[in-house]
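Notes to accompany the following structure.
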Amino acid sequence: GAYALSYAGGQQYLVSSTRTDFAAAQGNNPHYSRLFLATVNKDSVEQLSAVGLPAAGIAENQGAASMSADGGFMYFTQWKKENGIITSNIYYSIKDADGTWGVPMLLPQVNVAGANSKQPFCSADGKYLFFASDRDGGAGGFDIWYALLQVDGSTATAVNAGSVVNSAGDDQAPFYHNSTGTLVFSTNGRAGMGGYDLFAAKGKVTKWNEPGNLRYPVNSSRYGINCYAP
């Protein structure tokens, strides 16, 4: 499968795709998710090339990813499943002068010990990193959080997006459209059509209007965007 598509500049999009590693060590799941760049032309995918991330780790999977506005940093979920439980953290990689990606590093202000962080999204103005986390201080399960991006690719302290956006359920997969000031996210904590529905809230990071359901045909009675948790 391929999922978690995000724009990477030009005609390219980042996607997470599941592959089989025939050289996997005994005892390890041979199926893993890695990041790929998809080249799209006239609504068709012409090429899928692996994103070269050093020291990725055979037991780790890469999920949702987002490129910084200037293309110099890439943020992504790295996750694993053990005993039926998924644990996830957000890493970032710096693009070197030769165009290759550096060793992935944990985001210290975004990840919290004993909690999960995932689904990073960089705002188009280069100011904020939105993400989902089940850390303490939220309204329920997973909440939408954000943090100011720093010039070195790290972030300032993470801030909860607030009770207008977040619910007692799981609120995930944030996307912020700068030109219209719209936060789009997936949630199972509000009255919807079934499972996870997509909602949209107008505003800015410090103040949001009440979110509205995007309704049919965006949403349906089936489970929505977060069937693939990372």
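The values are calculated or read from the model by the stated rules, or taken from the named source; none is laboratory data. On a predicted model such as this, the values are computed, not experimentally measured, just so you know. Counting neighbours? That spans all protein chains shown, and the Cβs are built from the backbone with ideal geometry, glycine included. For the accessible areas, the whole protein counts, side chains as well, though only heavy atoms, and no ligand, DNA or RNA atoms are used. Shrake-Rupley method; radii C 1.70, N 1.55, O 1.52, S 1.80 Å.
Anyone know which of 97, 161, 115 comes out most mobile in the 10 Å Cα GNM of the chain?
97
Under a plain spin-label model, where a point goes 7 Å from the Cα along Cα-to-Cβ, how far apart in nm are residue 204 and residue 70?
Roughly 2.3 nm, to one decimal.
State, to one decimal in nm, how far the label point of residue 48 lies from the label point of residue 7, with both points 7 Å from Cα in the Cβ direction.
The modelled label-to-label distance comes out at 2.3 nm.
Evaluate the distance, in nm, between pseudo-label points positioned 7 Å from the Cα of residue 218 and of residue 109 along their respective Cα→Cβ axes.
3.0
Carbon and sulfur together cover what percent of the accessible area of the chain at a 1.4 Å probe radius?
About 53 percent, which is the carbon plus sulfur part of the accessible surface.
With the contact rule set at Cα under 8 Å and sequence spacing of 6 or more, what percent relative contact order holds for segment 51-161?
Once normalised by length, the contact order is 21 percent.
If I take every Cα pair under 8 Å that is 6 or more residues apart in segment 118-163, average their sequence separation and divide by the length, what percent do I get for the relative contact order?
28
Using a probe radius of 1.4 Å on heavy atoms only, what accessible surface per residue do you get for the chain? Whole Å² is fine.
51
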